[in-house]
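Asker: My questions will all concern the structure given below.
The values are calculated or read from the model by the stated rules, or taken from the named source; none is laboratory data. Here the structure is a predicted model, which means the values were calculated and not measured. In this analysis, Cβ positions are derived from the backbone assuming ideal geometry, glycine residues included, and neighbour counts consider all displayed protein chains.
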Amino acid sequence: MTANLNDKPLLSARNLGKHYGQRLGCRDVNFDLYEGEVLAVVGESGSGKSTLLGLLATELSPTAGAVHYRMRDGETRNLFDLSEADRRFLLGTDWGFVRQDARDGLRMGVSAGGNVGERLMAVGGRHYGRIRDTASDWLNRVEIEPERIDDLPKSFSGGMRQRLQIARNLVTHPRLVFMDEPTSSLDVSVQARLLDLIRGLVSELGLAVIIVTHDLAVARLLSHRIMVMRQGRVIETGLTDQVLDDPREAYTQLLVSSVLAA
Ligand SMILES: Nc1ncnc2c1ncn2[C@@H]1O[C@H](COP(=O)(O)OP(=O)(O)OP(=O)(O)O)[C@@H](O)[C@H]1O
């Protein structure tokens, strides 16, 4: 019988680690991520979450280990052996990256429609009318009035900017989306609405997501699995509800009971 590709992980980290000179960023990170799976990485400030995300998204070079990724053609490659062109292809089409600060994820000098359309053009979209229609459709999906299509993101509220960032990232139907504290810069009421939107889109599009958050409520709402980091290492991992309801490690128990400032 032919193996179902979906039985294989989309991404596998093996003994992944990074030191910044003498300082430990993260070490010995091992996990598999499957299509459609949402993995939350949680831990206190300085525990290595951003370092890990940077490594997975190939923005940082590891000092140890590998990350294997199943490309669209079914071939599994070590991300750190990819050519610059392959890397750019992944970043521009197959992956999304939703940043904590929308200014880092959007082109602030380009209209809302341009921000979304640009990613479509990167995957070969050439027909101006169709690109504009798709952009307008995506603005609608993220609850931005399509009449705002020609407005610059700087005229948008924080919540709207984050929603625009999400549209820009999802328009190419990526298979994997990295999210770095996507809601933490927003007011609590705005956060709830954005989380709802993210949850709906992730499930509708069957996205695999790796989300870094210090907010366990965000992890609870969005993720299937959770990885708890402390001092650069993964100290506990498992199904989100299981880990949060019945943490094995004393440190996770403290984190859950909010004794630690996450
Ligand atoms: N560019 C860098 N140069 C040197 N050390 C760094 C660098 N970036 C991170 N570190 C160190 O690596 C460790 C892990 O930091 P990292 O930013 O990955 O943690 P984090 O869990 O994402 O923290 P936060 O939630 O505050 O963003 C820390 O000790 C940090 O000081």
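Asker: Regarding the stretch 179-199, can at least one residue be identified that is over 13 Å from the mean Cα position of the chain (by Cα) and β-branched (V, I, T)?
Answerer: yes
Asker: Let me ask another. In the set L255, L195, L205, L216, which member is touching a residue at least 24 places away in the same chain (Cβ under 8 Å), more than 16 Å from the ligand (Cβ to nearest atom) and crowded, with 18+ Cβ neighbours inside 10 Å?
Answerer: L195
Asker: Restricted to the stretch 1-41, and to residues that are in a strand (DSSP E or B) and either modelled with pLDDT under 95 or among the acidic types (D, E) (or both), which residue is nearest to the ligand (Cβ to nearest atom)?
Answerer: D28
Asker: Filter the stretch 53-62 down to the residues that are of a type in the set (A, V, I, L, M) and either more than 12 Å from M179 (Cα to Cα) or near the ligand (Cβ under 7 Å from one of its atoms) (or both) and list them by number.
Answerer: L55, L60
Asker: So T172 clears everything in (1) under 20 Å from the mean Cα position of the chain (by Cα); (2) in a helix (DSSP H, G or I) except one condition, right? Which one?
Answerer: The number of the failed condition is (2).
Asker: Something else now. With the requirement that a residue be surrounded by 14 or more Cβ atoms within 10 Å (Cβ to Cβ) and not in a helix (DSSP H, G or I), what does the stretch 144-162 give you?
Answerer: Hits for the stretch 144-162 are I144, D151, L152, F156.
Asker: I would also like to ask the following. For the stretch 59-73, how many residues are under 17 Å from G48 (Cα atoms) and of a type outside the set (A, V, I, L, M)?
Answerer: 5
Asker: Which of the residues spanning the stretch 55-66 are more than 17 Å from H19 (Cβ to Cβ) and in contact with a Leu (Cβ under 6 Å, 6 or more places away or on another chain)?
Answerer: T58 - this is the single residue of the stretch 55-66 that is more than 17 Å from H19 (Cβ to Cβ) and in contact with a Leu (Cβ under 6 Å, 6 or more places away or on another chain).
Asker: W95 fails exactly one of the following numbered conditions: (1) away from the ligand (no atom under 16 Å from the Cβ); (2) surrounded by fewer than 18 Cβ atoms within 10 Å (Cβ to Cβ). What is the number of that condition?
Answerer: (2) is the only condition that W95 fails.
Asker: Can you pull out the residues in the stretch 177-192 that are surrounded by 22 or more Cβ atoms within 10 Å (Cβ to Cβ) and aliphatic (A, V, I, L, M)?
Answerer: Residues satisfying the conditions are V177, M179.
Asker: Are any residues in the stretch 219-242 within 16 Å of the ligand (Cβ to nearest atom) and closer than 15 Å to S257 by Cα, and if so, which ones?
Answerer: A219, V228
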